[in-house]
1. Is there any pair with a first residue in segment 101-120 that is in contact (Cβ under 8 Å) with a residue 40 or more places away in the chain and a second that is open to solvent by less than 90 Å² (accessible area, probe 1.4 Å) and basic (Lys, Arg) whose Cβ atoms are under 6 Å apart and which are 6 or more apart or on different chains, and what are they?
2. What's the number of the only condition in (1) surrounded by fewer than 16 Cβ atoms within 10 Å (Cβ to Cβ); (2) touching a residue at least 60 places away in the same chain (Cβ under 8 Å) that Phe165 fails to meet?
3. Could you list, in sequence order, the residues of segment 203-258 that are open to solvent by 30 Å² or more (accessible area, probe 1.4 Å) and among the charged types (D, E, K, R)?
4. Go through segment 148-184 residue by residue and tally those that are over 24 Å from Ile290 (Cβ atoms) and assigned to a helix (DSSP H, G or I).
5. Among (1) touching a residue at least 60 places away in the same chain (Cβ under 8 Å); (2) surrounded by 22 or more Cβ atoms within 10 Å (Cβ to Cβ), there is one condition Thr55 misses while meeting the rest; what is its number?
6. Can you name the residue in segment 168-202 that is within 23 Å of the chain's Cα centre (by Cα) and among the aliphatic types (A, V, I, L, M) and, of all such residues, is surrounded by the most Cβ atoms within 10 Å (Cβ to Cβ)?
7. Write out, first by first residue and then by second, each pair whose Cβ atoms fall under 8 Å of each other, whose residues are 6+ apart or on separate chains, and whose first residue, in segment 124-147, is assigned to a helix (DSSP H, G or I) while the second is of a type in the set (Phe, Trp, Tyr) and open to solvent by 20 Å² or more (accessible area, probe 1.4 Å).
8. Which of (1) without any contact (Cβ under 8 Å) to a residue 12 or more places away in the chain; (2) assigned to a helix (DSSP H, G or I) is the odd one out, the single condition Leu222 does not satisfy?
Amino acid sequence: MSLLAFHQLESPEHPLLQRPPWRYGLAIVLTMLCALAMILWGTTFTSQATQGVVTEVGSWVVFTGVFCWLAWFRQPQAKRRTILVFGLWAAAAITVNLAAKHGLNQHFLALGLADSPRLYWAGLFFIPPILLFWYAQRDQQLQNHGLHLRKWPDQVLIGLLAGIFISLHFFSTIRFSGIVGLSIKPWQYMFWSLGYEVFQSLGEELFFRGVLLRSLQNVYKLNFWQATAITTVANLSIYLIRSQWQNPIQLAGVVIYLSMISIAASLLFRRYQSVVPGYLCNIVFSFSAILRA
């Protein structure tokens, strides 16, 4: 007999939260409202540092915290562990934004700072994802919810190939359209972009695939394509509310390629029950997109 039979687990006080449909429904709706509100609020600031802190903590960091809270819901010290993860991710986002964007009211590229040493701060973005992956390999609940590396060579290979395929399609489209070209950025900016994508893409995949897609299928019993359609619309919403997508051609590109990434990530999640291949696909495409002139 397991000693857990004699261990008193933390139990949620609110009875509604003990019911998975209510628990997931409230978590999803409140998280989406929070993310959309924080992203919109972030656009009202002229300071790049403040805008980055508000937007990133209110979206990617919250997404990661909600995933962990749902995964650990009935586990000992669930709240404490969730707060610790949230605090670590928030600390990284706040530190990087304040240190790298202090005094800036425009993007690095617009200010000619693509080779600035301040971009090295992006190295801190790698720490929270690495630690979470390391911890997840020792935590069965996180693995059950999609943060696992079983058959990792297959996950890595398929995820990278999916990202490369969509990226090549993207490059072909912009090359032959003649609307925009390709431009190699300074390596400091490439490092910054990689760090940011490693940080934000994990939060995105944990919430939209590990929480939303998974719950729509397993809790609300929707079929895969229904769940994928809802997930894709929700995923798109956090990008479409940004003011910089007002150009019709740019907006169309955002909708098409983000939908492709979301659908690909959903298919990969169904195949492996892991966010890892979709995460890598997201990183590859997002990173390659910065080569757009």
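The values are calculated or read from the model by the stated rules, or taken from the named source; none is laboratory data. Just so you know, these numbers come straight off a predicted model, no measurement behind them. All Cβ positions, even for glycine, are placed from backbone atoms using ideal geometry, and neighbour counts span all protein chains on display. Heads up: the accessible areas ignore ligands, DNA and RNA and are worked out on the full protein's heavy atoms, side chains in. Shrake-Rupley method; radii C 1.70, N 1.55, O 1.52, S 1.80 Å.
1. Ala114/Lys185
2. Only one criterion in (1) surrounded by fewer than 16 Cβ atoms within 10 Å (Cβ to Cβ); (2) touching a residue at least 60 places away in the same chain (Cβ under 8 Å) is unmet by Phe165, namely (2).
3. Arg214, Lys221, Arg242
4. 4
5. (1)
6. Here the answer is Leu202.
7. Taking only residues 6 or more apart or on different chains, the pairs are Phe125/Tyr196; Leu142/Tyr135.
8. Evaluating Leu222 over (1) without any contact (Cβ under 8 Å) to a residue 12 or more places away in the chain; (2) assigned to a helix (DSSP H, G or I) leaves (2) as the failure.
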